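Working notes, structure below.
Values in this text are rule-based calculations from the coordinates and carry no lab data. Computed from a prediction, not measured in an experiment: that's the story for all the values here. Because the Cβ atoms are built from the backbone with ideal geometry, glycine has one as well, and the counts that use them run over all protein chains shown.
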Amino acid sequence: MRTALDLAQAAAEAGEVPVGAIVVDETTGKVLGTGANRPVALHDPTAHAEVRAIREAAESLQNYRLTDLTLYVTLEPCAMCAGAISHARIGRVVWAADDPKGGAVIHGPKFFDQPTCHSRPAIEGGLLADEASALLKGFFAPRRKTRRKGEQASFEPR
């Protein structure tokens, strides 16, 4: 999770929402894929940290099925990312901070609890949650303050 937090910090420094993710083979300890949020810079609404880490891991393995691997991510995955996790058949998902507004694992649609879900990973939340939450709050606080003054918040990449 520390590596994912470093990726989240890099995303924040680039002007992106600070979310980082890694895909790990727990049997070897090898990191197969990494991702930091980049939707703004890449002009791609699907460029979430989880999706980018999944894509890199699939490329690394030359296989779209990531069975028995673990995804570590700094924020509870959204519905889109939960769908990608399910389709990739990732075995375990561990996230840091809960996301009551946009999360889709234990909040909102509870994606993995749906009868139409293809594959249900083991899930665990709260690992280094305080650090991930502090990073998110530090990123959004000045933007919220700007909006309260009537100005447009900026999400331009740096």
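When the helices of the chain are scored as -39500 (n - 2.57) per DSSP H run of n ≥ 4 and the total is divided over every residue, the value at 222 nm lands at -11500 deg cm²/dmol.
Residues Phe140, Phe112, ranked from the fewest to the most other C-beta atoms within 10 Å, line up as Phe140, Phe112. Ordering His107, His48 by the number of other Cβ atoms within 10 Å of each residue's own Cβ, fewest first, gives His107, His48. Tell me the relative contact order for the chain as a rounded percent, counting alpha carbon contacts under 8 Å between residues six or more apart. Value for the chain: 20 percent.
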